[in-house]
1. Only residues that are small (Gly, Ala, Ser) and either closer than 13 Å to residue 35 by Cα or buried (at least 18 other Cβ atoms within 10 Å of the Cβ) (or both): list them for segment 46-98, please.
2. Could you please find all residues in segment 132-143 being surrounded by fewer than 11 Cβ atoms within 10 Å (Cβ to Cβ) and not aliphatic (A, V, I, L, M)?
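Each reported figure results from applying straightforward, stated rules to the coordinates on display, with no laboratory input. It should be emphasised that the depicted structure is a prediction, and the values quoted were computed from it without experimental measurement. Counting neighbours? That spans all protein chains shown, and the Cβs are built from the backbone with ideal geometry, glycine included.
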Amino acid sequence: MATMCMIASCGTTVIAAMLLHEAAQAQTEQQWDSCYEIGVPANSQPPELLISGCTAVIQSGIHSGDNLVAAFTNRGRGYRQTFQYELAFADFDQAIRLDSNYMPAYCHRGSLYWERGEFDRVRQDLDQIARLKRREAELSAEETLVGRNE
């Protein structure tokens, strides 16, 4: 009888653990959707959802590369919308450290510098955006030429 109770108890524990895992996974998926604004019109959700969703994505350690860069940029947007400017700058800076070619981070950071009246820094970000746009156009032109020569 004691063995049977132990087996039943273990079975209940396993089931509870599975349900908890599924609930946590569903919550994480909702947070990812919030961070990347999946299923909602852009810029339409409350900034607190953007912040919490992106924080979950960043802390999960699962994402890297472009996804992580976008998560830092989007969380920075949320911080900016809630007037947490230093946190916004920190996230935009981190996104740029992870990918120095990611234009949205420069755009958002430059816009925030503009609001603060830091026009020299605005110019630096705008110059970087111009360089990236030029390079993007050059690469596009090269691809067009390569396509014609094939």
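1. 52, 53, 56, 60, 70, 71, 76, 78, 88, 95 - these are the residues of segment 46-98 that are small (Gly, Ala, Ser) and either closer than 13 Å to residue 35 by Cα or buried (at least 18 other Cβ atoms within 10 Å of the Cβ) (or both).
2. The answer is 134, 138, 140, 142, 143.
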